Amino acid sequence: MRMSKGLFPTLKEAPKEAKIVSHKLMIRAGLMRKLASGIYTYLPLGYRVIRKIENIIREEMNKTGAQEVLLSALSPQELWEESGRWEVYGPELMRIKDRHNRLFGLGPTHEEVITDLVRREVKSYKQLPLTLYQIQTKFRDEIRPRFGMMRAREFHMKDAYSFDKDEKDLGKNYKRMYEAYQNIFDRCGLRYKAVEADTGPIGGDISHEFMVLAKTGEDRIVYCRKCGYAANVNRAEYVKPGVKGQGSRVKEKGLKKVKTPGMKTVEEVTGFLKCKPKELVKTLIYKVDGIPVAILIRGDHGVNERRLEKLLKAKEISLADEKTIEKVTGAPLGYSGPVRLKIKIIADSDVAAMKNMISGANKKDYHLININIDRDFKADKVLDIRSVIPGDRCPKCKTKLTFSRGIEVGHVFKLGTKYSQALKATFSDEKGKERPLIMGCYGIGLDRIMAASIEQNHDGNGIIWPSSIAPYQVLILVVNNQDKKQVKLAEEVYKSLEKEEIEVLLDDRDLRAGAKFKDADLMGIPLRITIGNKTIKENRIEIKIRKTNKIHEINKKDLISKIRSLLEM
RNA sequence: CGGGGAGUGGCGCAGUUUGGUUUAGCGCGCAGCGUUCGGGACGCUGAGGUCGUGGGUUCGAAUCCCACCUCCCCGACCA
């Protein structure tokens, strides 16, 4: 491609709305432009990257034996009602009406549509296992789109769905996909971790997220450097470091009620009472299988709901609504406390070790100070239910856990029969018995791979693409466009690369050399061939590696082989 | 949705506090001519703006008032 003939709009300055590097660089390098909040247009350069990523994914998916389909983005309300998600998904599901006033959802994910397809076409265990995938545009009306393509309302996703006759086969499929995902992210040149994850609104039992390690990531993860254990903090297991026997020696002070008008949150209360969050106890009212239970957790800790669910052997837990809280505590949200509470109380073990704690008084605008366990209230159970904190150790090998931030680029789930049961997608097994299909689902965000790659691979001058997803492999820069010799040589080199099917960009724009150099660095093409006076004089071709800044000067006849070997590095 | 900030040529900004001295300005970019040409050159000339939108106040509004729209940031069932 000749740059003089195409659209390559680079910018010296990024628009002020862009806050993180990948977003800034994607706009500056002319990969995309914003259309509306969370909605973007891909320019030629950006779309080439997306297609590169798409092809890597396609190749790896096909290797697993999965087949590619294309499902409609638009799907009828009735289908979503069958699964219950027309309600459950909430405002994040974009809905539109057709001219007959019939409602449609714009697909944020496609479990319903694929399950509908398969329930019509698959009748027998002989047709299983079956895995279908698609690479398609998705829509999610994000509560707050941000960071450019990182959290957009319209984005691109590969979603795969597996159908099996039993759990064992699902396990095999899950493993196959997990490995395919590793291949994909390896090939894209990302540094990532696969972590144990929560299943969220998609549902299912087991799931792993693939997290690209980056400071700007929205998720927090922990991992063990020694044994490789890794999990999202919201569900990470841990072993507490040895507890120092202090606390027991602290003298118990007298219980006191204090007025805290309008102070509800930990921040407000600690600010008002001039104390630290760790002296406070949060009394969270949960519904455990429908029954209200009070969970006591230290002010600076969070609840690991996954753990709680497991330890209580509960099917479903969730925070109670405000009405339930008022009924149970006799006070509005923000003033709950354990003293004289009539429901079951479960305390985190860190709370059990506290003395003279502060909590709500179960009365509006009042808190209690110097609360002590056993004296002022009794906990029905003491459990380790807080979420992981720095200092905690690996549940498998007891090494201290490392904290990091991650960008979720992929997620694999074992769904089980959640959707097949709701949509009555069944098959006949070997004995002729009708059973629901066992499902798995597997997603990858293409745009996020692109953004995450930039987060991990850039410098002060711009993007540094790994050659696997670079929009072009080589950029030829003509230093002086007026110099006929230079132009002629550049054309010659350009044509020889094109002939070899090396993806090449020729910067033949009528700009000064400096501007072209800046743009070349910004766009991050892995190899740059500079053709200037020096080239002509010395009769040697100069190749610069974007990543290392290393310059190779070679004879013209070795050009192609040198480029090939440099690209394979 | 709650809180904060911002909308002035394509991009980045000044001007708004105290309405008139601005014919609305600057840098970059864009067009033409000339000189230049290995890391965002220089000179001259020029094009491009309903100052987010709609009302209002006033002799006079980018500037004051009201309403709305858009964009960005922080937070969101953690009491």
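The values are calculated or read from the model by the stated rules, or taken from the named source; none is laboratory data. The shown structure was predicted, so the numbers you read here are calculated from the model rather than taken from an experiment. In this analysis, Cβ positions are derived from the backbone assuming ideal geometry, glycine residues included, and neighbour counts consider all displayed protein chains. Just so you know, the surface numbers come from the protein's heavy atoms only, side chains and all, with ligands and any DNA or RNA stripped out. Shrake-Rupley method; radii C 1.70, N 1.55, O 1.52, S 1.80 Å.
Here are the criteria: (1) surrounded by fewer than 17 Cβ atoms within 10 Å (Cβ to Cβ); (2) closer than 30 Å to A:L497 by Cβ; (3) within 13 Å of RNA strand B (Cβ to nearest atom). Tell me which single one A:S22 does not satisfy.
(1)
A:S453 - would you say it is polar (S, T, N, Q), in contact with a Gly (Cβ under 7 Å, 6 or more places away or on another chain) and touching a residue at least 40 places away in the same chain (Cβ under 8 Å)?
Against the criterion (polar (S, T, N, Q), in contact with a Gly (Cβ under 7 Å, 6 or more places away or on another chain) and touching a residue at least 40 places away in the same chain (Cβ under 8 Å)), A:S453 qualifies.
Does A:M3 satisfy being over 26 Å from A:E142 (Cα atoms) and more than 11 Å from RNA strand B (Cβ to nearest atom)?
Considered against the rule, which asks whether it is over 26 Å from A:E142 (Cα atoms) and more than 11 Å from RNA strand B (Cβ to nearest atom), A:M3 comes out as yes.
Residue-by-condition table, conditions (1) more than 22 Å from the chain's Cα centre (by Cα); (2) touching a residue at least 40 places away in the same chain (Cβ under 8 Å); (3) part of a strand (DSSP E or B):
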| position | (1), (2), (3) |
| --- | --- |
| A:T115 | yes, yes, no |
| A:K126 | yes, no, no |
| A:T131 | yes, yes, yes |
| A:R176 | no, yes, no |
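Within the stretch A:88-113, can you find the residues that are within 16 Å of RNA strand B (Cβ to nearest atom) and part of a helix (DSSP H, G or I)?
Correct list: A:V88, A:G90, A:P91, A:E92.
Can you pull out every residue in the stretch A:475-528 that is within 14 Å of RNA strand B (Cβ to nearest atom), of a type outside the set (S, T, N, Q), in a helix (DSSP H, G or I) and open to solvent by less than 10 Å² (accessible area, probe 1.4 Å)?
Matches in the stretch A:475-528: A:A490, A:V493, A:K516, A:A520, A:L522, A:M523.
Looking at A:Y47 and the list (1) open to solvent by 70 Å² or more (accessible area, probe 1.4 Å); (2) in a helix (DSSP H, G or I); (3) more than 24 Å from A:G410 (Cα to Cα), which single condition is not satisfied?
Unmet for A:Y47, out of (1) open to solvent by 70 Å² or more (accessible area, probe 1.4 Å); (2) in a helix (DSSP H, G or I); (3) more than 24 Å from A:G410 (Cα to Cα): (3).
Answer with yes or no whether A:D447 is in contact with a strand residue (DSSP E or B) (Cβ under 6 Å, 6 or more places away or on another chain), of a type outside the set (A, V, I, L, M) and in contact (Cβ under 8 Å) with a residue 24 or more places away in the chain.
Taking the combined requirement at face value, the residue satisfies it.
Check the stretch A:370-386 and report whether any residue there is open to solvent by less than 20 Å² (accessible area, probe 1.4 Å), in contact with a Gly (Cβ under 9 Å, 6 or more places away or on another chain), of a type in the set (A, V, I, L, M) and part of a strand (DSSP E or B).
Yes, there is a match, as at least one residue in the stretch A:370-386 is open to solvent by less than 20 Å² (accessible area, probe 1.4 Å), in contact with a Gly (Cβ under 9 Å, 6 or more places away or on another chain), of a type in the set (A, V, I, L, M) and part of a strand (DSSP E or B).
Step by step: first the residues of the stretch A:461-471, then only those that are in a loop (DSSP other than H, G, I, E, B) and open to solvent by less than 20 Å² (accessible area, probe 1.4 Å), then the one that is farthest from A:R187 (Cα to Cα). Which residue is that?
Restricting to residues being in a loop (DSSP other than H, G, I, E, B) and open to solvent by less than 20 Å² (accessible area, probe 1.4 Å), the top hit is A:P471.
Based on this model, can you work out whether A:L401 counts as in contact (Cβ under 8 Å) with a residue 40 or more places away in the chain, within 30 Å of A:T216 (Cα to Cα) and out of contact with any helix residue (DSSP H, G or I) (no Cβ under 6 Å at 6 or more places or on another chain)?
Here the answer is yes, as A:L401 does meet what is asked.
Select from the stretch A:284-317 the residues that are near RNA strand B (Cβ under 7 Å from one of its atoms) and either open to solvent by 20 Å² or more (accessible area, probe 1.4 Å) or in contact with an Asp or Glu (Cβ under 6 Å, 6 or more places away or on another chain) (or both) and list them in ascending order.
The answer is A:L284, A:I297, A:G302, A:V303, A:E305.
Of the residues A:E81, A:E60, only one is in contact with a helix residue (DSSP H, G or I) (Cβ under 7 Å, 6 or more places away or on another chain) and acidic (D, E); which?
Being in contact with a helix residue (DSSP H, G or I) (Cβ under 7 Å, 6 or more places away or on another chain) and acidic (D, E) holds for just one of A:E81, A:E60, which is A:E60.
So if I check each of A:I389, A:I346, which one is under 21 Å from A:N232 (Cα atoms) and either open to solvent by 30 Å² or more (accessible area, probe 1.4 Å) or in a strand (DSSP E or B) (or both)?
After ruling out the rest, the residue left standing is A:I389.
With the checklist (1) open to solvent by 30 Å² or more (accessible area, probe 1.4 Å); (2) out of contact with any Gly (no Cβ under 7 Å at 6 or more places or on another chain) in hand, flag the one item A:P108 doesn't pass.
All conditions are met except number (1).
Against the conditions (1) farther than 22 Å from A:R386 by Cα; (2) at pLDDT below 90, where does A:V269 fall short? Just the number, please.
Here A:V269 meets the rest and fails (1).
Quick one: count up the residues across the stretch A:320-348 that are touching a His at 6+ places or on another chain (Cβ under 9 Å) and within 10 Å of RNA strand B (Cβ to nearest atom).
2
Quick check on my filter: what residues within the stretch A:529-538 are part of a strand (DSSP E or B) and near RNA strand B (Cβ under 6 Å from one of its atoms)?
Passing the criteria: only A:T530.
State whether one or more residues within the stretch A:86-95 are aliphatic (A, V, I, L, M) and open to solvent by 80 Å² or more (accessible area, probe 1.4 Å).
Looking through the stretch A:86-95, at least one residue is aliphatic (A, V, I, L, M) and open to solvent by 80 Å² or more (accessible area, probe 1.4 Å).
Starting from the stretch A:219-238, take each residue that is under 10 Å from A:C394 (Cβ atoms) and open to solvent by 20 Å² or more (accessible area, probe 1.4 Å) and list its partners that are in a loop (DSSP other than H, G, I, E, B) and of a type in the set (V, I, T), counting only C-beta distances under 9 angstrom and pairs at least six apart or across chains.
Pairs found: A:R225/A:T399; A:K226/A:T399; A:C227/A:T399; A:E237/A:V388.
In the stretch A:53-73, which residues are in contact (Cβ under 8 Å) with a residue 40 or more places away in the chain, in a helix (DSSP H, G or I) and more than 29 Å from A:G105 (Cα to Cα)?
A:I56, A:E60, A:K63, listed by residue number.
Anything in the stretch A:262-272 that is of a type in the set (A, V, I, L, M) and in contact with an Asp or Glu (Cβ under 9 Å, 6 or more places away or on another chain)? List them, or say none.
The answer is A:M263, A:V266.
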